């Protein structure tokens, strides 16, 4: 962020930011994620509402303007034809929307605009390549999602020819993914989540904090990891919801970019393994689809991977898994706030130093979480207000969630790869402590989540999932 200081070992943390005051509303990356995400949601909602008011299709005014590549088998060009429709205009529409939105943000935040525009064009093309690769039928069958390919494409460049400075200026990992997270907030509709009731809440909100705190304690007290920021980012990534939680937590504790990259790399690797192995294990153990879905939703990191694994078991498992994961996603903001408070008051507080002010905690708190929460509240209210409101919400989310959020996340994963060098990561992998931390934490997570899911869905509330199947 412009004009901020981030020396976490000094009492001057964010002093400059405090003096800036209102200027942070226009110069902060966090706030720009809120403005961009909010503007996209507002414009899409107005356009869709006009379609509904005119008696036409809900998304008639957006159809064809936003798109992404589809599936293909032998010819990659087939990815640009979805249901006999050419999606290239939609891809171009996403490019223009993204370039204008992020370009304005970059300019106001005082980035050099021409290098940013040039770099963004290449980052977007690399993201397009990743989405096309992920759409290949065999790759799609094994659920090797776009995030993996985007990360690999970026890593290939950064660890061979290197990432030039003009390209690095557009590798704005947090800017892209924070904006995508604001869009994600609109997808978390409280009314639909409450349909699962207390069992989903217990699996998501009781187990997750226990696993997060337990994993962090294990890393600090047993493994004695030298970097508490790496420890907490891995713990949040593994226990909450993967990359989204890692980004929010890294912002709250000011983790290094290389630490965030390592946590995300571990998450993506084990996500692929778990979404393939867990459905097989669930069937082998003879679990019901409801119990299996709850277990998947509470343990697999990525929402997309949860849906893919749940679909293997069946529609009922998919519904439960996706709902449990979305309930868990709400904890992104709670965890970010908790980590910000703990880091300011305990980890970074100097021995015998003054107690940090509430303003210091506010400056450390990731502001994009406010956009995430606001989007959830507004769209939850809109969906519950009327039948037309629900139609509008479904249509808007089909574009902002399934299309724009996917693109923004893909831009972020490419950027992570471009900013990551294996030589930097090697320092953190000495002794294999990050891998041990993830394995121990995820094992604890798997066992505790399965126990809680069995108690809630099999013993205490055996018919809790019936509402989701109506």
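Every number in this text was worked out from the coordinates using simple rules, so none of it is lab data. The structure presented is a predicted model; accordingly, all values stated were derived computationally and were not measured. Here Cβ is always computed from backbone atoms with ideal geometry, including for glycine, and neighbour counts include all displayed protein chains.
Points to keep in mind about this one:
- Exposure proxy for 205, 49: other Cβ atoms within 10 Å of each Cβ, ordered fewest to most, give 205, 49.
- Take every Cα pair under 8 Å whose residues are at least 6 apart in sequence, average their separation, divide by the length of the range 194-318, and the relative contact order is 22 percent.
- Mean Cβ neighbour count within 10 Å, used as a protection proxy, ranking 283-294, 298-309, 146-157 highest first: 298-309, 146-157, 283-294
- When each of the peptides 449-458, 263-272 is scored by the mean number of other C-beta atoms lying within 10 Å of its residues, the order from highest to lowest reads 263-272, 449-458.
- For the range 19-469, relative contact order (Cα pairs under 8 Å, six or more residues apart, normalised by length) works out to 26 percent.
- Whole-Å distance, taken between Cα centres, linking the range 206-242 and the range 262-317: 21 Å
- Residues 179, 173, sorted so that the one with the fewest Cβ neighbours within 10 Å comes first: 173, 179
- Extension gain from residue 160 to residue 254, taking 0.36 nm per residue of separation minus the Cα-Cα distance: 31.0 nm
- The value of relative contact order for the range 76-176, using C-alpha pairs under 8 Å at least six residues apart, is 30 percent.
- The ranking of 463, 399 from fewest to most other beta carbons within 10 Å of each one's beta carbon is 463, 399.
- The gain in end-to-end length when the residue 39 to residue 92 segment is fully stretched comes to 17.2 nm, 0.36 nm per residue minus the alpha carbon separation.
- With a simple spin-label model that places each label point 7 Å from the Cα along the Cα-to-Cβ direction, the separation between residue 346 and residue 436 comes to 2.2 nm.
- Adding -39500 (n - 2.57) for every DSSP H run of four residues or longer, then dividing by how many residues the chain holds, sets the calculated 222 nm ellipticity at -20500 deg cm²/dmol.
- Extension reserve of the residue 205-residue 104 stretch, reckoned as 0.36 nm per residue once the Cα distance is removed: 32.6 nm
- Extending 7 Å from the Cα toward the beta-carbon at both residue 138 and residue 459 defines two label points whose distance is 4.7 nm.
- Note on residue 152 and residue 451: their simple-model spin labels are 3.8 nm apart, each label 7 Å out from Cα toward Cβ.
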